[in-house]
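Enquirer: Pasting a structure here, questions to come.
Read-outs: derived from the displayed coordinates by stated rules, not from any lab. Just so we're clear, the structure is a prediction, and the values are computed from it rather than from any experiment. Counting neighbours? That spans all protein chains shown, and the Cβs are built from the backbone with ideal geometry, glycine included.
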Amino acid sequence: MLKMITQTKHHSFPKMKEKMPPFKRKKSTVKNFPVKACTLDAELEFNLELKATGRDLYDLVCRTIGLRETWYFGLQYEDSKGHIAWLKLDKKGMLSGFGFIKLKYNSIWHLVHDQGIPQQTTMPFMFLAKFYPEEVAEELVQEVTQHLFFLQVNRAILAMDIYCPPEASVLLASYAVQAKFGDYDEGTYKPGMLASEELLPQRVIDQYQMTAEMWEERIKVWYADHRGMSRDEAEIEYLKIAQDLDMYGVNYFPISNKKDTDLWLGVTSLGLNIYEKENKLTPKTTFQWSEIRHVSFDDKKFTIKPVDKTSPNFVFYSHKVRMNKLILDLCIGNHDLFMRRRKPDSMEVQQMKTQAKEEKSRRQIERNKLAREKQLREIAEKEKAIMEQRLMQYQEEIRLANEALRRSEETADLLAEKSRVAEEEAMLLGQKASEAEHKITQFRLTALKTEEEKVSLERKTREAEQLTARLVDESERRAAEANKLKEELLRARVAEKQAKEKLLEFLSRNAYINTSVSSLYSVSSNSVLDVPADLHALRLNANSPTLSLTHSPPPVLADHHLPSYDFIADNDMEQLSLEIEKERVQYLEKSKHLQDQLRDLKTEIEVLKVDEKQCELDMLHDEQVRLGENKYSTLKKVKCGSTKARVAYFEEL
């Protein structure tokens with residue numbers, strides 16, 4: 001096509017042939033291309049040069065996220081056929097314990113055309129853990145490394161790529177909640193808060209007749225027990241439990257032996273496991289990396305040469321040639337890490353461990369200080385609440401005392417008025433009695449005039465005497481009533497005096513409480529409670545029966561009342577080091593307690609299990625538990641015997 005165009009131009013414009021430059025393909029001006037590298041909690045986008053290698057991209061991602069333990073991870077991608085592959089990092093090749101592997105791709109750009117990566121606007125890669133440690137607590141040094149492993153293992157468990165028993169799923173979910181939300185706070189926690197979180201595998205949820213609220217309640221019980229645990233501590237505890245799961249850290253590949261029996265090959269950090277097709281939990285046999293001398297494949301045939309030269313080769317067949325490349329890649333990486341763990345740590349690893357230990361000590365000091373401050377704050381808050389409650393009680397008592405005093409004053413005033421009225425009535429009756437006696441005397445003087453007048457006078461005299469007697473009786477009754485009212489008035493005055501004294505006592509105690517509350521608020525940095533204005537308005541007046549008190553303001557605290565906190569000294573650092581050394585023993589004790597709690601939880605939810613929903617892995621796990629087996633006892637058992645015997649056993653499967 002290019003030749004035809006050139007000839008056409010030649011025939012159409014013969015005179016311009018010498019002046020025109022020869023036709024050349026225009027060089028591409030593209031110097032870089034976009035690449036996306038995704039971790040499980042972030043997306044990173046870069047523009048790389050066309051000549052950039054996989055190592056350049058990998059180092060760029062590690063520097064960006066601050067990762068130094070780079071040997072566990074890799075860049076994963078999906079090719080145009082939908083197969084999962086890992087990006088080759090080195091330009092020319094890499095040397096391993098098994099031999100030299102030659103790579104023909106010298107840049108990421110060539111992978112697009114030569115390795116079948118889909119050509120997209122942005123090339124996507126997943127930054128994932130490719131190899132697993134044997135012991136997470138001892139080998140994972142950096143927090144970022146622990147966090148990336150936590151995210152990946154958590155996702156694998158929730159996606160049911162790793163089998164996890166129901167009771168262990170609840171425990172792991174509680175650690176995941178602690179890592180995400182921090183300490184359980186009963187005041188801020190609301191029912192249903194965890195409903196939107198993906199915490200349990202769907203398989204576990206389907207197997208039990210339990211609502212989301214019931215699952216949340218059981219997770220919350222464990223979650224509350226993790227109080228005081230930081231995010232990195234919760235994540236490492238999660239990984240400690242997860243690494244005991246049978247499918248943790250195992251890469252499964254379908255294979256067959258010479259008898260064409262379908263089996264699973266499991267590539268792990270310790271070696272190669274062989275599983276039956278229906279059972280991914282319990283390996284039938286295993287070969288440790290220390291027993292393997294050489295690994296190679298020819299087409300679909302994979303050959304493993306043992307260190308024991310008297311033993312025959314271990315041969316299996318994969319389903320796809322492309323799978324063999326991935327198996328070999330994982331074998332090389334796991335073998336290298338297996339041998340590295342059994343050698344003294346490099347200077348880089350020693351430096352990282354030293355820095356991690358110092359950082360852990362520093363964080364422990366800060367956490368201890370924060371815990372003390374938090375404890376003091378909680379104590380202060382509790383004392384504040386108690387003081388506030390007491391103050392409210394005293395205010396209520398003062399209000400009731402004032403009310404009683406007011407009623408006493410009203411009663412005293414009423415009795416005084418009644419006494420005055422009774423005295424006036426008694427005086428009036430006395431005057432009437434005197435007038436009656438005066439009339440009787442006049443009647444007696446005039447009675448002598450006539451008999452008729454005498455009879456009339458006698459009658460009037462009797463009437464006057466009767467009236468006088470009634471008036472005298474009424475006067476005496478009124479006098480008695482006045483005396484009674486005086487006594488009641490006296491008692492009312494005494495009650496009034498007692499009420500005043502009680503109010504004085506309440507106000508004096510209230511002044512002390514205000515002083516204590518002011519001192520407390522200066523510690524907790526909260527606003528000071530003021531005594532109600534109506535209590536401050538009371539004054540004591542000697543000339544008035546009304547009670548009134550002056551209330552002095554609360555005294556100002558001196559500086560020595562403020563709490564002071566001392567930092568941890570050098571002897572505390574030594575104590576912390578001793579605690580770190582004892583961590584292993586404490587972990588074993590905690591594990592025993594943990595197993596007891598897991599058994600209790602399993603027993604509790606066993607009655608709600610739906611047997612029809614049990615999968616094959618559940619039944620295999622239950623059988624393991626019934627026999628008292630676990631991941632480590634099974635591996636120890638299948639390692640027994642010589643390499644030759646295990647190869648023969650594999651051939652007979």
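Enquirer: Report the label-to-label distance for ASP262 and ASP90 in nanometres (one decimal), using points 7 Å from each Cα along the Cα→Cβ vector.
Expert: A separation of 3.7 nm, rounded to one decimal place.
Enquirer: May I ask you to evaluate 6.51 cos²θ - 1.76 cosθ + 1.60, the Karplus curve with θ = phi - 60°, for each residue of the range 423-430 and list the ³J(HN,Hα) values in order in whole Hz, giving x for glycine and proline?
Expert: So the J values, rounded to whole Hz, are 5, 5, 5, 5, 4, 5, 5, x.
Enquirer: What's the extension gain from ARG390 to ALA469 if we count 0.36 nm per residue and subtract their Cα-Cα distance?
Expert: 22.1 nm
Enquirer: On a full-extension model of 0.36 nm per residue, what is the gain between VAL421 and CYS62, subtracting their alpha-carbon distance, rounded to one decimal in nm?
Expert: The span from VAL421 to CYS62 would gain 118.9 nm if fully extended.
Enquirer: Using mean Cβ contacts within 10 Å as the protection proxy, how do 365-376, 329-340 order, highest first?
Expert: 329-340, 365-376
Enquirer: What FRET efficiency comes out for ARG55 versus SER633 if R0 is 30 angstrom and r is the Cβ-Cβ distance? Round to the nearest 0.05.
Expert: Once rounded, the FRET efficiency stands at 0.15.
Enquirer: What is the extension gain from GLU217 to LYS460, computed as 0.36 nm multiplied by their sequence separation minus the C-alpha to C-alpha distance, in nm to one decimal?
Expert: Length difference between fully extended and current span is 77.3 nm.
Enquirer: Could you pull out the pairs from LYS439/LYS460; LYS259/LYS305; LYS592/LYS631; LYS284/LYS305; LYS353/LYS636 whose alpha carbons sit more than 21 Å apart here?
Expert: Violating the 21 Å limit, Cα to Cα: LYS353/LYS636.
Enquirer: Using packing as a proxy for protection, rank 161-167, 248-254, 355-361 so that the peptide with the highest average count of other Cβ atoms within 10 Å comes first.
Expert: Put in order of decreasing packing, that is 161-167, 248-254, 355-361.
Enquirer: Same structure again: How many nm separate the modelled label positions at VAL494 and LYS277, each set 7 Å beyond the Cα in the direction of the Cβ?
Expert: 10.6 nm
Enquirer: Within the range 122-145, which residues have the backbone N less than 18 Å from the label spot 7 Å out from ASN47 along Cα→beta-carbon, could you tell me?
Expert: Only 122-124 fall inside the zone, counting backbone N under 18 Å.
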